[in-house]
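Data block below; observations after.
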Amino acid sequence: MNEEADDPSSKDRKFVEALARGLDVLRAFTHGSVVLGNQDISRLTGLPKPTVSRMTYTLTKLGYLSYAPQLEKYQLDSGVLALGYAYVSNLRVRQLAKPYMDDFARRTNTTVGLTCRDRLSMIYVENCRPAEVTTLRMDAGVRLPLATTAAGRAYLAATPEQERGHLLAALEAKHGEQWPMLEASLRESFAEYQQHGFCFSLGDWDRNVIAAGVPLRLSDGSIMVLTCGAPSFQLSEDSLKGGLAQQLAMLAHDIESLGA
């Protein structure tokens, strides 16, 4: 898989390579395609096509993939949904944070998200927005790039230096010629975080969207990120920087104080 930020050692005798390959096949469906053929999966994962064929056959038998004969392609099945739902529904921080996020979204007329990292992406596990807001809909499970979003930048800024170094190296390998410009913007975000405690994405991910991100440090030592954002025609940069980001930082502090 190209998005490989966590590289387990091939010398680890406890590491089950076949299981890792099966999970890589499932991860291939997070690249935006609803249906994929074996050749598509092979291209996305870098796995040989015969290996992919065995994996998709097994995953279909287990209920994690379903096969569409008319398309000769696969799609995720209910087994994956059940696992994802079990994780999200049992996530304590989500249960604690949701009422506060709902209130913040109503008061500020912004979309408020709770995200966690998966390799080189951030994933929404909760999203709250006022009923009258019909734009910037980010349901649970939506993935965001790590380098250009407020969520990703805040996560990287709060990550210990050694782990951040590994992630930056993986991002450099992924983005190639675009990396020098991305790295410069990330360094600015890290400095901003050190000074103020939050990061911004001002049209970097989507030119029509501005957002702020604040790390949320959980009691188990892991890091998630709270975000708030809106289309640029609805929210000005001055408003976001002038007080809204600070309010988001206070919200994160309140949620942390609950023992999330």
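The values are calculated or read from the model by the stated rules, or taken from the named source; none is laboratory data. Computed from a prediction, not measured in an experiment: that's the story for all the values here. Note that we place each Cβ from the backbone using ideal geometry, even for glycine, and neighbour counts take in every protein chain shown.
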Q.
Condition first: under 19 Å from Met224 (Cα atoms), not assigned by TED's automatic domain parsing to the domain that holds Val214 and not aliphatic (A, V, I, L, M). Can you find one or more residues in segment 66-74 that meet it?
A. no
Q) From the set of residues in segment 15-42 that are within 28 Å of Leu168 (Cβ to Cβ) and assigned to a loop (DSSP other than H, G, I, E, B), which is modelled with the highest pLDDT? A) Phe15
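Looking at the structure I just gave you, is Leu120 touching a strand residue (DSSP E or B) at 6+ places or on another chain (Cβ under 8 Å), of a type outside the set (Gly, Ala, Ser), outside the structural domain of Ala28 (by TED's automatic domain parsing) and buried (at least 18 other Cβ atoms within 10 Å of the Cβ)? Walk me through it before giving the result.
Working: touching a strand residue (DSSP E or B) at 6+ places or on another chain (Cβ under 8 Å): yes; of a type outside the set (Gly, Ala, Ser): yes; outside the structural domain of Ala28 (by TED's automatic domain parsing): yes; buried (at least 18 other Cβ atoms within 10 Å of the Cβ): yes.
Yes.
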Q.
Under 6 Å between Cβ atoms, which residue pairs at least 6 apart in sequence (or on different chains) link something in segment 211-224 that is assigned by TED's automatic domain parsing to the domain that holds Gly113 with a partner that is of a type in the set (S, T, N, Q)?
A. Ala211/Ser201; Ala211/Thr227; Gly213/Thr227
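Is it true that Ala212 is part of a helix (DSSP H, G or I), at pLDDT 95 or above and at negative phi?
Numbers: part of a helix (DSSP H, G or I): no; at pLDDT 95 or above: yes; at negative phi: yes.
Criteria not met by Ala212.
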(Q) Exactly one of these conditions fails for Ser257: (1) touching a Leu at 6+ places or on another chain (Cβ under 6 Å); (2) without any contact (Cβ under 8 Å) to a residue 24 or more places away in the chain; (3) not acidic (Asp, Glu). Give me its number. (A) (1)
Q: Would you mind finding the one in Thr30, Thr56, Thr60 that is closer than 27 Å to Ala140 by Cα, polar (S, T, N, Q) and surrounded by 19 or more Cβ atoms within 10 Å (Cβ to Cβ)?
A: Thr56
Q) Are there any pairs with C-beta distances below 8 angstrom linking a residue in segment 53-66 that is of a type in the set (Gly, Ala, Ser) to a residue that is part of a loop (DSSP other than H, G, I, E, B), with the two at least 6 apart or on different chains, and if so which? A) Gly63/Asp77; Ser66/Asp77
Q.
When the residues of segment 184-209 are narrowed to those that are in a loop (DSSP other than H, G, I, E, B) and either aliphatic (A, V, I, L, M) or crowded, with 17+ Cβ neighbours inside 10 Å (or both), which ends up farthest from the chain's Cα centre (by Cα)?
A. Gly197
Q.
From the list Glu172, Glu163, exactly one residue is at pLDDT 95 or above, acidic (Asp, Glu) and either assigned by TED's automatic domain parsing to the domain that holds Met138 or closer than 28 Å to Arg94 by Cβ (or both). Which is it?
A. Glu172
**Q.** For Glu237: the one exception among (1) more than 18 Å from Asp103 (Cα to Cα); (2) out of contact with any Leu (no Cβ under 8 Å at 6 or more places or on another chain); (3) among the acidic types (Asp, Glu)
**A.** (2)
Q.
Just to confirm my filter: which strands (runs of 3 or more DSSP E) fall fully inside segment 56-134 and include at least 1 residues that are among the acidic types (Asp, Glu)?
A. 111-118, 121-128
